[in-house]
Amino acid sequence: MKNKRFASILLALAITAASLAGCSGGSSANSAPASTPAAEQSAAPSEQGTDWSNFKIGQITSLVVNDGGWCQATNQSILRAMQSLGIPEENLITIENVSEEQVAVENAYNALVSEGVNLIIGASSGYAAFLSDLAPQNPDVIIAQQGARTENLIGYQIRNYEGMFLAGYACALMSESKTLGFAASMSEASVRAAINGFALGAKYADPEEKVQVVWANSWYDVDIETQSAQTLINQGIKYMGMEASSPAVPQTCEANGAYCIGYNVDMEELAPKAVLFSYVWNFAPIFEKIIASAADGTANPDDYYYEGGDSSAISDFNSELVPEDVQKKVLQVKEDIASGKIKVYGGELKDNKGNVLVAAGETMSDEQIVAQEFLVDNVIGDWQ
Amino acid sequence: MTALITSVCAAAIVYAVSVLYAAVGEIFSQRAGIMNLGVEGVMLMGAVSGFLTAYYTNSKMLALLAAIVTGALLGLIYAFLTVTLQADQTVCGMAFLTFGSGLSGFIGKNVTGIASPVKFDKIALPLLSQIPFIGDVLFHQNLLVYLMYLIIPLSMFYIYRTRPGMILRSLGENPAALDTAGINVFALRYAYVIFGCSMIAVSGVCISLAYTNFWNEGMTGGKGWIAFSLVAFSEWNPTKAALGALLFGGISIVGMNMQIYLPGVPSQVYSALPYLATVAAFILSTGSFRKKHTEEPAALCCSYDRESR
Amino acid sequence: MGLANIRLERKQVASLGRRILNSVLFVLLGFAFSGIFIAALGFNPFTVYAKMISYSFLNLRGIRGSIMAGLPLMLCGLSVSAAFKMNLNNIGAEGQYAVGALMGGAFALYGPALPLPLRMAVMFLLCALGGALWAMIAAVLKAYWNVNETIITLMLNYIALLLMDYLCYGPWMAKRQTTPISEKIPQELYLPYLGNSGINAGIVIAVVLAVLLYLFFQYTTVGFQVQVNKYSLRSAQYAGINVRRNILIILGLSGAIAGLAGFVQITGVVHRVQAQLPGGSGYTGIVIAYLSQFHPLAVILVSILLGGLNNSCSAVQIMGVPSQIAAMIQGCIMIFVIAGEFFNRYRLVLKKPDTTAAGQAEAVESKGGVGL
């Protein structure tokens, strides 16, 4: 029991820290109105009379919800969304460690349905195919699924390339060499979007900047992620982005005097001398909308939320490491993306095999971005 | 280029040490005639108990001690099953694998994803770390690595040059003869199994408190199996096990570098390299085309039963 | 009565009823032991267990779920049991399953559209062949150069899964998909369901294989020879048994069965090829094989029980119990069953302080010992 209480204190601390990070990141960028928690605006008018006590949410995650990575980011986002809507915390039912296979997903789905949940959140893109087949069994239970658009499911995804653009931009501003690194996990579309976003950001800072990518071929492996970072550092690379789940990359950077952008959650605490800031998944604004639509019956399986801005968030800057002027420039770029002045996937855009992806003056469609199969021209490495 | 080589070598050593504790422990256990297939499970229990202790007490030495004690307790159970109850060792190993991975996740659930305040940091040894190249590779490491520098020669000396070492070797070859000579086979096997499991648990600490200062379910990621494979590969010889571990770690890191120097090959090929190399080295070193005699303890996996002597 | 008065006595082979009773008793002890850990985290073990059992076994949906979850485990369990009949430790069911799935999957996705029964049969054979080929690598090395099969089959698991990753993340990945999963296989290759039970015909394949395997070991010459091999390699050689050939047959067979796990999962459940498809079934198969004492028919039953155990952790997570509970309970049960196995061979006898050897034997006769 003691452990549980302890864990809940920690969780509460983490949530406060994360929401503080979200707020302060926005407050310095004074013109971005959406950065004050969208919760307060949406919660106030429409949800006033709603009785949330019977609204239950179930989430299915692939690892434990305090994994220090992806699942933790999702879990905290749901809790934040619930908090701002006024849904009691105990209405969230979690089934974790569900592997991405049919039998396990069906079992988790059944367990949640029998608990009477109104909304199921599938927090790993690998569940899409299976949940899509299961959804018609209980049309009353709304399912929101992370990843690409899928039949029968409300889809949600974050424009991670926006936050990654900022990451690459910051690294390029600070790096003296013309090569940045990127420690990537597995070659999935969202990971490629992260690499490309990072590379395009770097290019925006300096057209000469290149990004060397190395693949771990694993979603979580402390050893291999250490080796990825080490390999990049051996190339003389001092600044790198990452799309890896363990703190191995930041810690290896710290041990070798290199720097990186944390990923998933704010990683500053894990390697205070290496993490400039972190790319943080903030699903809370999306979840608020989905929960609200599920509650008032307007949810439709065709809904698709593909959001950037505050969802594709960055944490507070590590002020010890990131100079003031860089901070300002990064926040300016964040604004420019929000206002549409910078189009991350705007033309002309070529891949690193020389093919033109987007002609000058055009912008890539969301469909193409979500399922992208290329690496942009300043990335060194293959995606297959 | 030298910087690259230095760093690859240093990283290979860190990798090697994290599996070597387990491999050396398993060598002692198998030399005594008891095989433990559940290395991975014991390693995870070591990792989680060490992490929990470090997290709550802020002391890495206590963490190390906690892992050793956890390992010893598991070893005691393992010895009870395999020595006293004479159970099948493959089965017991699998049971420990399942039990260890399940229980470690179960008790470590609440500290997942949180950093521990202490870890085994790299310490540069005075003078020695000044030697060019060698200093950077060998003497700019963490405490657990330095301990391993002592453990390898000591265990070699113990196994091959001392009287208890000789008894240990016959324990796995011909326990009946020892029994006749008035040596307590059961007690000795208990001792070595407990020692072995403690060492395996220290390997877990290498991962949760030296590689990073983090705990996550199943974070050993198959290292236990690698350690287990090293034992037979090394012909139950700690020095050879060290070489094998360096080889595996080195190839894995070189493979990562190959992604940069030799692009165009699917990166999965490089990821598979260490396993392919292990298979090749294992065949070459243990295949019977090479020699007639193997070092494998003759009584490995055989329970000793006084009545059927 | 001190400890010195308790004595172990070797029993003759325990009767089947005794053995079953013994196993059940120690399984219960295993549950009791896991209960300590559950209680330590602040939950009531009885409520937890009651919830687990009622979720997985006391309703139709639960039973169906347990059988479906147990299906790939059955085939992996059978695969491991077959190899162990000859004392071969095949811990490579995971990799053999993957390669079987890849060979069969390649045919289903890209192969010619043969007429139906033939198409299904070819896929079936290819899955079996894939598994068998992967196991054959270890078998040949074992048979000809006496290379330890445990380590080779283990290493081959990693390699097979990386191959699967390469294909599913790369050339085979479905268009407009973001996850490592192929297009659906043609609908005519879907395994039919048994009536409206929601259970696919894969279970028939598993049961038939189990029966065939049982008959094979019981009634064929090779099956018999294999069991002689198990007890003594040397006496097998003296008896003129071709050990080398038997290793190839048995490991090949073991691999083929594991490969068929790929067949039932692809055609019966997933309808696609997916990275990490085996998901640890190969390793759980080892646990199942041992828990069922390598008896093919027991494998079927134990697989369903373990499938249900795995499923039920979803139900207890809702109460807040960590999801790793299933693996922990499995481990505890295994340790206790192993310990209990001892009492199939021995019994504890309370010795009276001063009895002659004859009197002692009588005492044992009359009291029957404290046999478990």
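Structure above, values below:
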item: Cβ pairs under 8 Å, 6+ apart, first in region B:147-174 and among the polar types (S, T, N, Q), second surrounded by 17 or more Cβ atoms within 10 Å (Cβ to Cβ); result: B:Ser155/B:Val24; B:Ser155/B:Ile27; B:Ser155/B:Phe28; B:Ser155/B:Pro238; B:Ser170/B:Leu178; B:Asn174/B:Ala299
item: Residues that are without any contact (Cβ under 8 Å) to a residue 60 or more places away in the chain and either buried (at least 24 other Cβ atoms within 10 Å of the Cβ) or assigned to a strand (DSSP E or B) (or both), drawn from region A:63-85; result: A:Val64, A:Val65, A:Cys71, A:Asn75
item: Residue tally, condition more than 8 Å from chain B (Cβ to nearest Cβ), more than 24 Å from A:Ala371 (Cα to Cα) and in a helix (DSSP H, G or I), over region A:196-254; result: 9
item: Any hit, region C:277-300, residues being at pLDDT below 90 and more than 26 Å from B:Gly93 (Cβ to Cβ); result: no
item: Extreme residue, farthest from A:Asp206 (Cα to Cα), among residues of region A:362-372 that are within 11 Å of another protein chain (Cβ to nearest Cβ) and in contact with a Lys or Arg (Cβ under 7 Å, 6 or more places away or on another chain); result: A:Ala371
item: Single residue of region A:301-326 satisfying the filter (in contact (Cβ under 8 Å) with a residue 24 or more places away in the chain and outside any loop (DSSP other than H, G, I, E, B)) that is farthest from A:Val265 (Cα to Cα); result: A:Tyr304
item: B:Ala67, sole failed condition from (1) hydrophobic (A, V, I, L, M, F, W, C); (2) buried (at least 23 other Cβ atoms within 10 Å of the Cβ); (3) closer than 23 Å to C:Phe31 by Cβ; result: (3)
item: Number of positions in region A:111-140 that are buried (at least 21 other Cβ atoms within 10 Å of the Cβ) and farther than 25 Å from A:Ser190 by Cβ; result: 2
item: Residues of region C:50-63 classified as facing chain A (nearest Cβ under 10 Å) and part of a helix (DSSP H, G or I), total; result: 4
item: Subset tally (residues that are aliphatic (A, V, I, L, M), more than 14 Å from every other protein chain (Cβ to nearest Cβ) and over 17 Å from A:Gly163 (Cα atoms)) for region A:255-290; result: 1
item: Residues located in region C:285-331, provided they are hydroxyl-bearing (Ser, Thr, Tyr) and either under 18 Å from A:Ala108 (Cβ atoms) or in contact with a strand residue (DSSP E or B) (Cβ under 6 Å, 6 or more places away or on another chain) (or both); result: C:Ser312, C:Ser314, C:Ser323
item: Output for region B:34-62, where each listed residue is part of a helix (DSSP H, G or I), small (Gly, Ala, Ser) and either closer than 10 Å to B:Ile200 by Cβ or over 18 Å from the mean Cα position of the chain (by Cα) (or both); result: B:Gly41, B:Gly46, B:Ala54
item: Of all residues in region C:167-224 being small (Gly, Ala, Ser) and more than 12 Å from chain A (Cβ to nearest Cβ), the one that is surrounded by the fewest Cβ atoms within 10 Å (Cβ to Cβ); result: C:Gly195
item: Count of residues meeting criterion [within 18 Å of C:Gly259 (Cα to Cα) and either in contact (Cβ under 8 Å) with a residue 24 or more places away in the chain or not hydrophobic (A, V, I, L, M, F, W, C) (or both)] in region C:112-125; result: 4
item: Failed criterion for A:Asp296 (all others in (1) more than 14 Å from every other protein chain (Cβ to nearest Cβ); (2) under 23 Å from the mean Cα position of the chain (by Cα); (3) not small (Gly, Ala, Ser) hold); result: (2)
item: Positions within region B:122-138 being closer than 22 Å to B:Tyr15 by Cβ and either among the basic types (Lys, Arg) or in a helix (DSSP H, G or I) (or both), in sequence order; result: B:Lys122, B:Leu128, B:Ser129, B:Ile134, B:Gly135, B:Asp136, B:Val137, B:Leu138
item: Flag for B:Met199 being of a type in the set (A, V, I, L, M), surrounded by 22 or more Cβ atoms within 10 Å (Cβ to Cβ) and at pLDDT 95 or above; result: yes
item: Residue identified as small (Gly, Ala, Ser) and in a helix (DSSP H, G or I) among C:Gly279, C:Gly268; result: C:Gly268
item: Any helices (runs of 4 or more DSSP H) falling wholly within region B:155-272 and containing at least 1 residues that are more than 14 Å from chain C (Cβ to nearest Cβ) and either touching a strand residue (DSSP E or B) at 6+ places or on another chain (Cβ under 7 Å) or of a type in the set (D, E, K, R) (or both); result: B:163-173, B:175-180, B:185-205, B:238-261
item: Only listed residue being more than 9 Å from chain C (Cβ to nearest Cβ), within 18 Å of the chain's Cα centre (by Cα) and β-branched (Val, Ile, Thr), chosen from B:Thr70, B:Thr112; result: B:Thr70
item: Single residue of region B:202-212 satisfying the filter (in contact with a Gly (Cβ under 8 Å, 6 or more places away or on another chain) and of a type outside the set (Val, Ile, Thr)) that is surrounded by the most Cβ atoms within 10 Å (Cβ to Cβ); result: B:Gly204
item: Residue identified as buried (at least 17 other Cβ atoms within 10 Å of the Cβ) and either on the phi < 0 side of the Ramachandran plot or modelled with pLDDT of 70 or more (or both) among C:Met328, C:Met319; result: C:Met328
item: Residues satisfying the stated conditions in region C:140-166, i.e. within 30 Å of A:Arg192 (Cα to Cα) and more than 9 Å from every other protein chain (Cβ to nearest Cβ); result: C:Ala160, C:Leu161, C:Met164
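Here's the yes/no breakdown for (1) surrounded by 15 or more Cβ atoms within 10 Å (Cβ to Cβ); (2) at pLDDT 90 or above; (3) on the phi > 0 side of the Ramachandran plot:
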{"residue": "B:Leu76", "(1), (2), (3)": "no, yes, no"}
{"residue": "B:Phe96", "(1), (2), (3)": "yes, yes, no"}
{"residue": "B:Ser116", "(1), (2), (3)": "yes, no, no"}
{"residue": "B:Ile134", "(1), (2), (3)": "no, no, no"}
{"residue": "B:Leu143", "(1), (2), (3)": "yes, yes, no"}
{"residue": "B:Met156", "(1), (2), (3)": "yes, yes, no"}
{"residue": "B:Ile159", "(1), (2), (3)": "yes, yes, no"}
{"residue": "B:Arg163", "(1), (2), (3)": "no, yes, no"}
{"residue": "B:Arg169", "(1), (2), (3)": "yes, yes, no"}
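The values are calculated or read from the model by the stated rules, or taken from the named source; none is laboratory data. Note that the coordinates shown come from a computational prediction; the quantities given were computed from them, not determined experimentally. Methodologically, a virtual Cβ is constructed for each residue, glycine included, from the backbone with ideal geometry; neighbour enumeration extends over all protein chains shown.
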